[in-house]
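What follows is a single structure, written as structure tokens, with notes after it.
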Amino acid sequence: MAPLLSVRDLTITRPPPSSTPILSSVSLDLSPGEILIVRGSSGSGKSTLLKCIAELNIYQSGTITLHGTTAREMEGGVPGWRVRVGYVPQRSSLLPGTPQDFLRTIKEFKARKQSKGDGEGEGKEPMDLAQEWGIEKVLWTREWSTLSGGEAQRIALAIAVGIGGAEVLLLDEPTSALDEETMKKVEKSLVEMLPRREGQSSNSSSPRYGTGPKALIWITHSPEQADRVGTRSIDITRE
Ligand SMILES: Nc1ncnc2c1ncn2[C@@H]1O[C@H](COP(=O)(O)OP(=O)(O)OP(=O)(O)O)[C@@H](O)[C@H]1O
């Protein structure tokens, strides 16, 4: 079966004048139900890799496909790709305005409307999901800059997951600002929303969100978290 997402020989260099390599010829495949853990020393290029997969960063060479189709070949082009392959940054607290403004704006994106049809059935899911993770609804009306790191992190994640449309979510240290109990609650929700992998026994719950992601790529510095949630891992530290 063709992979859901495939990265072939991705090479990324720093902007001129240094032009030194960040990643050289990285390849990976991702299938439905998988959580691929990306590990590597600080500065090894983990965030850069995810931003390239989301088509947010320029890369010098390599091919990235979803269902065998590149962003440029896809209906909706790069904006359509960014809806289907969603990047959740480490620090959303740098965003302007409030989470409510942000949610309203991204629902209006043309590419998202096209990928989601008429958008019916959307609405409260991100807020409900965030509430399950301990975020009171009133926090959605506060400026991002006034939220704690952990509050902003849970809200950004709830938006990415709850709004739907992304087949693959790229999570950049998604629980780094959370306490242990909250982190495990968030991990559980994310793991349980994925479809079962091929050949996996039926001990996991059914997907709770019809338009939820099919697979995740997850950056973490914690070996314990990698063991808890990962189905596979790669280390991109350069030898
Ligand atoms: N726009 C840029 N211009 C110059 N250098 C950059 C740029 N973006 C990233 N880099 C460099 O590329 C390298 C990889 O950065 P990246 O943020 O991907 O690392 P990381 O593995 O995610 O690090 P961490 O674990 O500390 O978050 C770093 O040396 C960084 O300084």
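Bear in mind that the values in this text are calculations on the coordinates, not laboratory data. The structure displayed is predicted, hence computed values, not measured ones. Because the Cβ atoms are built from the backbone with ideal geometry, glycine has one as well, and the counts that use them run over all protein chains shown.
Taking amide H positions as modeled 1.01 Å from N, with prolines and chain starts lacking one, no residue 5 or more places away or on another chain lies under 5 Å from residue 221. In sequence order, segment 131-143 has phi-based couplings of 5, 4, 9, x, 9, 5, 4, 4, 5, 5, 9, 8, 4 Hz under the Karplus curve 6.51 cos²θ - 1.76 cosθ + 1.60, θ = phi - 60°, and Gly or Pro positions carry x. Residues whose amide H lies under 5 Å from that of residue 13, counting only those 5 or more places away or on a different chain, are 22, 60; hydrogens are built 1.01 Å from N in the peptide plane. With helices as the sole contributors, the chain gives -9000 deg cm²/dmol at 222 nm; each DSSP H run of n ≥ 4 counts as -39500 (n - 2.57), and the sum is divided by every residue. Among 232, 154, a tally of other beta-carbon atoms within 10 Å of each Cβ gives an order, fewest to most, of 232, 154.
Please arrange 224, 187 by how many other C-beta atoms lie within 10 Å of their C-beta, fewest to most.
224, 187
Evaluated with a Cβ-only charge set (Lys, Arg +1; Asp, Glu -1), the chain carries a dipole of roughly 400 debye about its Cα centre, given to the nearest 20. For 155, 236, the sequence from fewest to most other C-beta atoms within 10 Å is 236, 155.
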